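Just so it is clear, none of the values below were taken in a lab; they were calculated from the coordinates. Computed from a predicted model, the values in this text were never measured in an experiment. Every residue, glycine as well, gets a Cβ built from its backbone with ideal geometry; the counts of neighbours run over all protein chains shown.
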Amino acid sequence: MLPRHLRQALRSPLPVLAGGFRYWRQYGARVRRARALCQCGDGLRLRRPRDWQARSLRLYRRSIRTLEDLAGARPEGAQDPALAARQALRNAAKPYRACLAEVARLAVLLAAATLLVLVAGSAVSSGFRARLFPRDLAAGRPWNASSGDFGMPANGTAQVGDGNVFFHTKVDHNPSIEFDLGGEHVIRSVLVENRTDCCQERALPLNVEIWDGADWQLIAQRRAAFKVWKYDVGPVRARKIRFLHPGTSFFHLKRISVFGQ
């Protein structure tokens, strides 16, 4: 036999949800009216205008009468009218609160089931894991810029610079930077960070191209100003990818990431 807490977790939510919906559809207006009366009474007790005691007492009693024939809503014992009205409201809202608790339980179960599926899929399939958590194929890979200027290197394996750029070309015709990914990979997206201190317009337009074995093929182009540009390009297969600025200008970027598997 299953443990009690497991049986409760696996029980069908439909009866509770259906019952809560029917209850609120039938009695919701009365519960809202009783709550408004009770709140008006509380407001009189706080502001204490003339004859506040008698007026608030009438409001509390009207609130209780509004809920009189609702199952379980009648307050128990002789109590202060304000306390009695609040107890009646709590009793009247029990089916609605049970419905909300059931919705919360379903949300927790759905989140747990989704997490289990993700964990199981990641453990079983490397392809599934790569789709969920794509890696940066450009990280640590060799790159070559068309030239280097202002003391910046024209090639390297790390994207390390002065904080604003990691490469800076001369005034070249169609300046570019190329990454060798070390083998054929499935590319799904690219992320480019433009320099933030100045001269962002030098990166525009920006072409993203892949080497198909015979020529460079354009897969994306950015023409609007940007600080960070992320673009889903895939899936495409390539061993090399380059970022090129058509025209004659300087070319520089802060960081480039190529996500895929």
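Here is how the numbers come out for the structure above:
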| quantity | calculated |
| --- | --- |
| Nearby aspartates and glutamates by direct alpha-carbon distance to LYS227 (threshold 12 angstrom, same-chain neighbours under 8 apart not counted) | GLU193, ASP197, GLU201 |
| Charge-dipole axis of segment 136-260 as Lys and Arg at +1 and Asp and Glu at -1 on Cβ define it, positive-most pick from ASN174, PRO153, PRO205 | PRO205 |
| CD proxy at 222 nm, helix term only [per DSSP H run n ≥ 4: -39500 (n - 2.57); per residue of the chain; nearest 500] | -13500 deg cm²/dmol |
| Relative contact order for the chain, counting Cα pairs under 8 Å that sit 6 or more residues apart, in percent | 18 percent |
| Segment 136-239: relative contact order as a whole-number percent, Cα under 8 Å and 6+ apart | 26 percent |
| Amide H partners (placed H, <5 Å) of ARG135, local residues excluded | GLY260 |
| Volume of the Cα convex hull of segment 136-260, divided per residue and given in Å³ | 90 Å³ |
| Among ARG86, ARG47, ARG32, residue whose mean-square fluctuation peaks in a GNM of the chain (springs only between Cα atoms under 10 Å) | ARG47 |
| Options VAL233, TYR60, VAL117, ranked by Cα towards positive dipole end of the chain, top entry (Cβ charges) | TYR60 |
| In order through segment 195-210: 3J(HN,Hα) via Karplus (6.51 cos²θ - 1.76 cosθ + 1.60), integer Hz, x for Gly, Pro | 5, 10, 7, 5, 6, 5, 5, 5, 8, 10, x, 10, 9, 10, 10, 10 |
| Qualifying lysines (Cα of each under 20 Å from Cα of LYS230; at least 8 residues distant if same chain) | LYS240, LYS254 |
| Fraction of the pair-distance distribution of the chain above 34 Å, Cα-Cα pairs, percent | 54 percent |
